[in-house]
1. Please determine whether any residue of region 174-188 is of a type in the set (Gly, Ala, Ser), buried (at least 24 other Cβ atoms within 10 Å of the Cβ), touching a residue at least 60 places away in the same chain (Cβ under 8 Å) and within 21 Å of Trp42 (Cβ to Cβ).
2. Kindly indicate whether any position in region 295-316 is at pLDDT below 85, in a loop (DSSP other than H, G, I, E, B) and either within 30 Å of Phe481 (Cβ to Cβ) or in contact with a Cys (Cβ under 6 Å, 6 or more places away or on another chain) (or both).
3. Could you check region 223-262 and list, in sequence order, the residues that are in a helix (DSSP H, G or I), more than 27 Å from Phe300 (Cα to Cα) and open to solvent by less than 90 Å² (accessible area, probe 1.4 Å)?
4. All but one of (1) surrounded by fewer than 19 Cβ atoms within 10 Å (Cβ to Cβ); (2) touching a Phe, Trp or Tyr at 6+ places or on another chain (Cβ under 8 Å) hold for Gly439, so report the exception by its number.
5. What are the residue pairs meeting all of these: first residue in region 322-336, first residue in contact (Cβ under 8 Å) with a residue 12 or more places away in the chain and open to solvent by 60 Å² or more (accessible area, probe 1.4 Å), second residue part of a loop (DSSP other than H, G, I, E, B) and hydroxyl-bearing (Ser, Thr, Tyr), Cβ atoms under 8 Å, and 6 or more apart or on different chains?
6. Which of the following residues is hydroxyl-bearing (Ser, Thr, Tyr) and under 18 Å from Val240 (Cβ atoms): Ser272, Ser306, Ser316, Ser323?
7. Please enumerate the residues belonging to region 325-363 that are aromatic (Phe, Trp, Tyr) and modelled with pLDDT under 85.
8. Report whether or not Gly275 is assigned to a helix (DSSP H, G or I), in contact (Cβ under 8 Å) with a residue 12 or more places away in the chain and either surrounded by fewer than 16 Cβ atoms within 10 Å (Cβ to Cβ) or within 33 Å of the chain's Cα centre (by Cα) (or both).
Amino acid sequence: MSRETWRTALAAYASPASITLLILGFAAGLPAILVFSTLSVWLREAGVSRETIGFASWISLAYAFKWVWSPMLDQWRLPWLGALGRRRSWLVLSQVVIAIGLIGMALCNPQHNLTMLIALAVAVAFASATQDIAIDAYRLEIAEDKLQATLAASYMTGYRIAMLLASAGALFLAEWLGSTNVEYSQSAWALTYVIFALLILPGLVTSLLIPEPDGAAPLPNEPSKYSFNHQLAGVGLFLVLLISVPAMINALIAQAWPRAILYLLFIIGSLSPWGRSLLSPVRHMLQQAGQRQRPVRFDFVHQAVSVIVLIILMVSTTGMFQSYWGGYWPRGTMYLLICWACLSGPGRILMGPVLTPITDFIVRYRWQALLLLGLIATYRMSDTVMGVMANVFYIDQGFSKDQIASVSKLFGLIMTLLGAAFGGLLIVRFSILPILFIGGAASAATNLMFMLLVEMGANLNMLIVTISCDNFSGGLASTAFVAYLSSLTNLKFSATQYALLSSLMLLLPRLLGGYSGVMVERLGYSDFFLVTALLGIPTLILIAWQWSRTRRIADPADPLANTERN
């Protein structure tokens, strides 16, 4: 490589875009850790059971389902804040909600207000996931393909630094302020979370100052037929109606007459002339869908209803299988009819904001889309499930928070960044799929080293070796994964498709991770780590299949042989 090429590559890291992604990556990394691993340490010190901590990890499912509302970031402009632009307005909104939510968490004592603490953590997780959608779309839109690796590296650097502060920094700070394994201090944790809420400010200031990217599919400027407040009120009343009807039926079956009458009043109010007037945006959209008329643009009401219909479809599908499995045929048939209605022509029109980007992905990759989605859904499953109990394991093993912070977080960050940089070099030399395989295999295999640590007790040297291997492989795998997802994304739906693909990687692992506490209680730590290592086998099979296929079919026209984004 020429000297000029090296100079150009190094200059890219000093560009305004790279610096912006560095700061935004920092803003993204803080809340992701504060509602996950750091929160688990806080809850454990407060005396919360391991089972509850494991179930609390489902908070992070917000990141796995962010694709559900991601079309709103692609196709809808926020009122008032929308003057900042499509991407910046969502960044500012999500960052403000994150800061307020973290301060609210600081005011809750898990020993007395665990439910409120978890609710606020869920709000922070949803706002954080929304911020991730906006940042990923911003990154994909401000630079061409050849600069995406540089921007991704800058983003990951900022993200990992934030992870260090939000994990090791938070643990050091909480212990320095007086909360230890022996003596719990609520005030120490409260002050810690307030301080980290203030660290969102650099990202907020950056979001206000950066230029808005030129979107591949600019939003239409013509005004909607209905005002935003009217659409918001209509969607809210539509939700009231959807909830009240089945709730009234259940109350009648249970002979809970006062509750049934209350829900009946809600239904009557929704169907009154006043209610029908508020529901006019929803009624107009439903009439268009019934007549098979596709809207020219997706208003807020269409975005919101598409999410509602999608949630109804997912809940009904789950309920149908559970009902048929349990022998409740009438209920299962009812769920089947609901699923059929959601997947009918009018139902697909209602879900247009969600289905359009998904359909584009399926059309571009045809039957291979199923293979790709399976590969993505199982990637990093082994270390993600294991990670739920990692901090709890360190504490139960006898390590102090100082040791956890210095080795698992500080030293682990250095190894992660080294792994990410090495992964980038390997991708340039050998392409993406081989490094995906190596990263997936290494991430699963390092879980076996935790089995050795179980037998050795609080052995600091073994902890250093284990964390080094685990974080290095994790950094290498993350670089390959981000590069792979970026290459699969269509810029016309940058927020939605990237959110969908990255969410799939988290969905199944996060669901299984919620049972990690139960698995530890029943299996013990040693067998738990063995099981999590075996979870990496399915994704390795899928990567090997895909890798062999792309080597066998060296056709430039093949969408997987040439993964440039449209």
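The values are calculated or read from the model by the stated rules, or taken from the named source; none is laboratory data. The shown structure was predicted, so the numbers you read here are calculated from the model rather than taken from an experiment. Counting neighbours? That spans all protein chains shown, and the Cβs are built from the backbone with ideal geometry, glycine included. Accessible surface areas use protein heavy atoms only, side chains included; no ligands, DNA or RNA. Shrake-Rupley method; radii C 1.70, N 1.55, O 1.52, S 1.80 Å.
1. Yes: region 174-188 contains one or more residues that are of a type in the set (Gly, Ala, Ser), buried (at least 24 other Cβ atoms within 10 Å of the Cβ), touching a residue at least 60 places away in the same chain (Cβ under 8 Å) and within 21 Å of Trp42 (Cβ to Cβ).
2. The answer is yes, given that some residue of region 295-316 is at pLDDT below 85, in a loop (DSSP other than H, G, I, E, B) and either within 30 Å of Phe481 (Cβ to Cβ) or in contact with a Cys (Cβ under 6 Å, 6 or more places away or on another chain) (or both).
3. Within region 223-262, Met248, Ile249, Ala251, Leu252, Ala260, Leu262 meet the criteria.
4. Only one criterion in (1) surrounded by fewer than 19 Cβ atoms within 10 Å (Cβ to Cβ); (2) touching a Phe, Trp or Tyr at 6+ places or on another chain (Cβ under 8 Å) is unmet by Gly439, namely (1).
5. Correct list of pairs: empty, since none qualify.
6. Sole residue among the options that is hydroxyl-bearing (Ser, Thr, Tyr) and under 18 Å from Val240 (Cβ atoms): Ser272.
7. Scanning region 325-363 gives Tyr328, Phe361.
8. no
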